[in-house]
Amino acid sequence: MPVDYPKPLVIFGAGPFSELMLHHFREDTGAEVVALTVDRDYIGTSQLHGLPVLAFEDLENTFPPDRYDLFFAIGYKRMRDRERMFHRVQSRGYKLVNFVSSHSLVQGLQGMGDNNVVIGNAVIEPYCMIGHNNIFWSGAVVCHGSRVGNHNFLAAGTILGGDCQVGDRCFLGFGATVLDKVNIARSEEHT
């Protein structure tokens, strides 16, 4: 499932996950990444890997949403914050793009929301529905007909059986196996 990047891209974040996604965008897609952005209070450097790091509060002055897309790259350690920040970034009018590695297998989706990450060697089988802002790490498998909500993390080696449903803000750890037709409710406790 190749992803088209018609506009230059700004990555929100300047931590380890943002650096990893910068690498993936540069090495595995045709996307032109032009800058990184974080909230002004979190700027620790003016440049990272040859790109400017700008205050998100001022981003529209240099990179307006009608000419630039955005990818939100904040990790999984605080899922509620990840969800809150996703909505904040989205409300600024930027189109949030997906990253689907050319080394993954994604086929026959019923739909995929915005700002998802599918790392190399992940598999998402036909007839699945994927929400917004999910991370599918390498080796994760989502079997046919499954539904994955929003703001979830499926760690390396996770297997989600066929026709499963995963709510929002769920964390499925390394090597987790979920049998067919299991429903996992939205996580209210995970921070």
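Which far-off residues, 5 or more places away or on another chain, put their amide H under 5 Å from the one on Asn134, with H placed in the peptide plane?
Amide H neighbours of Asn134, under 5 Å, 5+ apart: Asn116, Val117, His151, Asn152.
Could you go through segment 55-65 in sequence order and give the Karplus-derived ³J(HN,Hα) for each residue, using 6.51 cos²θ - 1.76 cosθ + 1.60 with θ = phi - 60°, rounded to whole Hz, and x for Gly and Pro?
The phi angles translate into 6, 4, 4, 10, 4, 4, 5, 9, 10, x, x Hz.
Among Tyr76, Phe56, Ser104, whose Cα lies farthest out toward the positive end of the dipole of the chain, if unit charges sit on the beta carbon of Lys, Arg (+1) and Asp, Glu (-1)?
The residue sitting farthest along the positive end of the dipole is Tyr76.
Tell me whether segment 1-66 comes out rounded, prolate or oblate; compute the Cα gyration tensor, take square roots of the eigenvalues as a ≥ b ≥ c, and use a/c under 1.5 as the rounded threshold. Present the calculation step by step, with values, prior to reporting the outcome.
Numbers: a/c = 2.32, a/b = 1.36, b/c = 1.70.
Oblate.
Where in the chain lies the longest segment free of trypsin sites (Lys or Arg not before Pro) that are both loop residues by DSSP (not H, G, I, E, B) and have at most 16 other Cβ atoms within 10 Å? Spell out each step's value before the answer.
Values: sites that count: Arg67, Lys77, Arg78, Arg92, Lys95, Lys181, Arg186.
In the chain, the maximal stretch lacking such sites is 96-180.
Within the chain, what whole-number % of the accessible surface is contributed by carbon and sulfur, with the 1.4 Å probe and all protein chains included in the calculation? Present the calculation step by step, with values, prior to reporting the outcome.
Numbers: 4480 of 8820 Å².
Result for the chain: 51 percent of the exposed heavy-atom area is carbon or sulfur.
So for the chain: antiparallel DSSP bridges make up what percent, rounded to the nearest 5? Don't skip to the answer; put the middle values down first.
Numbers: 2 of 38 bridges.
If I count the DSSP bridges inside the chain, around 5 percent turn out antiparallel.
Can you give the extra length, in nm with one decimal, that the chain gains between His23 and Asp163 once fully stretched, where that is 0.36 nm per residue apart less the Cα-Cα distance? Present the calculation step by step, with values, prior to reporting the outcome.
Details: separation 140, 0.36 × 140 = 50.40 nm, distance 3.32 nm.
This chain segment gains 47.1 nm when fully extended.
What are the ³J(HN,Hα) values, in whole Hz, obtained from phi via the Karplus relation 6.51 cos²θ - 1.76 cosθ + 1.60 with θ = phi - 60°, for each residue of segment 40-53 in sequence order, with x given for Gly and Pro?
Values per residue, Gly and Pro as x: 3, 5, 10, 6, x, 8, 8, 9, 8, 6, x, 10, x, 10 Hz.
Between helix 79-90 and the chain, what is the angle of the helix's C-alpha long axis to the longest principal axis, kept within 0 to 90° and rounded to the nearest 10?
Roughly 50 degrees between the two axes.
Among the lysines, which have Cα under 25 Å from the Cα of Lys77 when same-chain residues fewer than 8 positions away are ignored?
Answer for Lys77, where 25 Å is the Cα cut-off: Lys95, listed by chain and number.
Rolling a 1.4 Å sphere over the protein heavy atoms, what is the accessible area per residue of the chain, to the nearest Å²? Display every interim value, and only then the final one.
Details: 8820 Å² over 191 residues.
Here the residues of the chain average 46 Å² of exposed surface.
How far is helix 16-28 tilted, in degrees, relative to the longest principal axis of the Cα atoms in the chain, given as a value from 0 to 90 rounded to the nearest 10?
90 degrees
For Cys143, Cys128, give the ranking by accessible area with the largest first, probe 1.4 Å.
Numbers: Cys143 25, Cys128 0 Å².
Result of the area sort, largest leading: Cys143, Cys128.
Which value, in debye to the nearest 20, gives the size of the charge dipole of the chain about its Cα centre, when Lys and Arg are +1 and Asp and Glu are -1 at the Cβ? Present the calculation step by step, with values, prior to reporting the outcome.
Values: 16 positive and 21 negative charges, 54 e Å.
Its charge dipole is roughly 260 debye.
Compute, for segment 129-188, the length of the dipole vector about the Cα centre, with Cβ point charges of +1 (Lys, Arg) and -1 (Asp, Glu) only. Units Debye, rounded to 20. Don't skip to the end; give the middle numbers.
Values: 4 positive and 4 negative charges, 9 e Å.
That gives segment 129-188 a dipole magnitude of about 40 debye.
With a cut-off of 8 Å between alpha carbons and a minimum separation of six or more residues, what is the relative contact order of segment 46-191 in percent?
15 percent
The values are calculated or read from the model by the stated rules, or taken from the named source; none is laboratory data. None of these values were measured; they are calculated from a predicted model. We place every Cβ from the backbone using ideal geometry, glycine too, and count neighbours over all the protein chains shown. Accessible surface is based on the protein model in full, side chains and every heavy atom, while ligands, DNA and RNA are left aside. Shrake-Rupley method; radii C 1.70, N 1.55, O 1.52, S 1.80 Å.
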